[in-house]
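Values in this text are rule-based calculations from the coordinates and carry no lab data. Source: prediction; values computed, not measured. FYI the Cβ positions are ideal-geometry reconstructions off the backbone, even for glycines, and counts take in every protein chain you see.
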Amino acid sequence: MSLRTPEQTTAQAQTGLGTRRHVLDLDDFTNVEIDTVLDVAEGMREVLGRSIKKVPSLRGKVVFTLFYEASTRTRVSFEQAGKLLSADVINISASGSSAEKGESLLNTALTLQAMHADLLIIRHPHAGAPYFLARHLEHTSVVNAGDGRHAHPTQALLDLMTIRRHLGSLKDAKVVIVGDVLHSRVARSNIWGLAAAGARVVLSGPPTLMPRELLQGEHLTGMPPVEVETDLDKAIEDTDVIMALRLQTERQTRGMLPSIREYTRRWLITPERYRRAKPNALLMHPGPLNEGIEISSALAHGVGSGIEEQVSNGVAVRMALLYLLLTGGATEEIIQ
Ligand code: CP
């Protein structure tokens, strides 16, 4: 069976991601590239629905995950994605590796390249770490699995896929992103991806957790224009999608929030607030959830929630990216 339906076998899809070797953020992705990834991910969803999910597409390829920060969804779904495509996937955490003996990030990455890594997936607390590796690795592709508060492109791609599946199209969708925007790499990458796809982005959250430029009525430096509405009830009016963010307490300095109780009163997504959105609006959260603080438990596990679908789509999107980066995406008959 072929990966794509004849309709999907367009000139766009055949170009895959062109000559792109690395995925570091969505700031340099065109709408065509985003559609390509999401179309291939739809094919991967079909594979995930089979009783035998393993396909030989990446047999002989070697993928390393290198995580300097905690993760469940991103690390495990990359591992699962690689294994289902028959790549050899090797996981390394900073704790227990030679990073604990003081080995530099670059020397660790060069060591993995010397072990014939075809692709390295990195999560790091410092913004820019994946870019640094991409500049220095000649034979190994780099995928950013989250760098500081800067970018999380694969989370944004799975979010775009989830929205596109619910609405049919991203164009002109109203997406309200709520909470700790200041520290959120998920918000930043989503802004790039949603803007490229023609969606309308509204940010809402406590002024202390919002970039200062936005509160002063300016654009975020170097980023696409977005709207800001600090009254959450107004922001949610007639929205298609509500995306609640996690409070990034590990990146916040003291005093950014008066109290959790005050945060919850103003920013928790409650059933009452949800009713202000369009009927059947999609509720999203990248996880991990602080239930009852960012989103109510009833909503998180209710009919409007896309949170578990986001996780499932994360596997499909990461399969698509690994496949496109490691094969060029030009081969027609991949999944047999
Ligand atoms: N959304 C996300 O990045 O989750 P993890 O930290 O569990 O990978």
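Some values worked out for this structure:
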| item | result |
| --- | --- |
| Those residues of region 277-313 which are within 19 Å of Gln248 (Cα to Cα) and of a type outside the set (Gly, Ala, Ser), in sequence order | Met284, His285, Pro286, Pro288, Leu289, Asn290, Glu291, Ile293, Glu294, Ile295, Ile307 |
| Hits in region 38-71 - residues which are assigned to a loop (DSSP other than H, G, I, E, B) and either within 17 Å of Val143 (Cα to Cα) or touching a Pro at 6+ places or on another chain (Cβ under 8 Å) (or both) | Leu58, Lys61, Tyr68, Glu69, Ala70, Ser71 |
| Residue ID - nearest to Arg123 (Cα to Cα), chosen from residues in region 50-100 that are basic (Lys, Arg) and within 16 Å of the ligand (Cβ to nearest atom) | Arg75 |
| Lone qualifier among Arg246, Arg318, Arg265, Arg251 - being away from the ligand (no atom under 14 Å from the Cβ) and of a type in the set (D, E, K, R) | Arg265 |
| Listing of helices (runs of 4 or more DSSP H) fully contained in region 252-336 that carry 3 or more residues being of a type in the set (Val, Ile, Thr) and in contact (Cβ under 8 Å) with a residue 60 or more places away in the chain | 307-327 |
| Matching entry among Ser104, Ser93 (being surrounded by fewer than 21 Cβ atoms within 10 Å (Cβ to Cβ) and touching a residue at least 24 places away in the same chain (Cβ under 8 Å)) | Ser93 |
| Complete set of residues in region 72-104 that are outside any helix (DSSP H, G or I), out of contact with any helix residue (DSSP H, G or I) (no Cβ under 9 Å at 6 or more places or on another chain) and under 26 Å from Val186 (Cα atoms) | Thr72, Ser95 |
| Members of region 111-146 that are surrounded by 22 or more Cβ atoms within 10 Å (Cβ to Cβ) and within 16 Å of the ligand (Cβ to nearest atom) | Ile121, Ile122, Arg123, His124, Ala129, Pro130, Val143, Asn144, Ala145, Gly146 |
| Tabulated pairs, region 58-83, first free of Cβ contacts under 8 Å to residues at least 24 places away in the same chain, second within 14 Å of the ligand (Cβ to nearest atom) and outside any helix (DSSP H, G or I), C-beta under 8 angstrom, 6+ apart or interchain | Glu79/Thr65; Glu79/Asn91 |
| Residue in region 228-245 that is exposed (fewer than 11 other Cβ atoms within 10 Å of the Cβ) and more than 21 Å from Gly306 (Cα to Cα) present | yes |
| Residue list for region 213-242, restricted to those being among the aliphatic types (A, V, I, L, M) and farther than 15 Å from Val175 by Cα | Leu214, Leu215, Leu220, Met223 |
| Exclusive hit being closer than 27 Å to Thr72 by Cα, within 16 Å of the ligand (Cβ to nearest atom) and surrounded by 17 or more Cβ atoms within 10 Å (Cβ to Cβ), set Leu325, Leu283, Leu299, Leu257 | Leu283 |
